[in-house]
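The values are calculated or read from the model by the stated rules, or taken from the named source; none is laboratory data. What you see is a predicted model; the values in this text were computed from it and never measured. A quick note on method: Cβ atoms are made from the backbone with ideal geometry, for glycine too, and the neighbour counts reach across all protein chains shown. These accessible areas exclude ligands, DNA and RNA; they are computed on the full protein's heavy atoms, side chains included. Shrake-Rupley method; radii C 1.70, N 1.55, O 1.52, S 1.80 Å.
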Amino acid sequence: MRGVEMKKLIFACICLSLVIPCQAATTRVILQTNFGDIAIELFPADSPVTVANFLGYVNSDFYDDLIFHRVKEGFMIQGGAFDADLYYQTPGDPIINESNNGLSNLRGTIAMAQTPGDPNSATSQFYINHADNTFLDYNTPGDVGYCVFGQVTSGIDVVDAIAQVPTDGADVHLSPVMIDKVVKKITVDD
């Protein structure tokens, strides 16, 4: 190809890329529980490290056969650490806290749990907000908050049902609320 023809071809490709819209992919996970399915859309643009961390656990089947081990109606449901016999599952390394991403701990959002007072301690444990918990948001650099990284898109009724499970004094369910499997779904948006 001669230089002029090559330039015309490159120019045509650039023009086409401006005309043909790009399709974005949306990453969702389905938490299959013994109470029903919870579909969650993840927000990698807002929380790239957190979403990659969560998907690493999903892809390795880490969450399969674990439980929601902390249930507080009107607050949240938390999972990602214990099996039905309350044996602790050893997670990977902690990640940086991305709570300063503009997202809020509103009803139906999913966020990372962490050790109080240690904002960069999140590993595998996550929670789904059962109510608006804006007091968990990033407020100032000294009051870091908890990183929201997704939103329930269907199955909020399942979250509500789990939140109503009777618990003992330590917010542990009296009968297991199982995460049977977590399935990753990638869809192309139109």
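Can you tell me which residue in the stretch 146-158 is most open to solvent (accessible area, probe 1.4 Å), limited to those that are more than 14 Å from the chain's Cα centre (by Cα) and aliphatic (A, V, I, L, M)?
Taking the candidates together, the pick is Ile156.
If I ask for residues that are of a type in the set (Val, Ile, Thr) and in contact with a helix residue (DSSP H, G or I) (Cβ under 8 Å, 6 or more places away or on another chain), which ones from the stretch 55-86 would you list?
Val71, Ile77
Phe35: open to solvent by less than 10 Å² (accessible area, probe 1.4 Å) and either aliphatic (A, V, I, L, M) or at pLDDT 95 or above (or both), yes or no?
When the stated conditions are applied, Phe35 does not pass them.
May I ask you to list pairs of residues, at least six apart or on different chains, whose Cβ atoms are under 6 Å apart, with the first in the stretch 103-120 being modelled with pLDDT under 95 and the second being of a type in the set (Ser, Thr, Tyr)?
Once the first residue is modelled with pLDDT under 95 and sits in the stretch 103-120, its partners that are of a type in the set (Ser, Thr, Tyr) give Thr115/Ser121.
Please go through the stretch 140-183 and pick out each residue that is charged (D, E, K, R) and within 25 Å of Asn120 (Cα to Cα).
Of everything in the stretch 140-183, those that are charged (D, E, K, R) and within 25 Å of Asn120 (Cα to Cα) turn out to be Asp143, Asp171.
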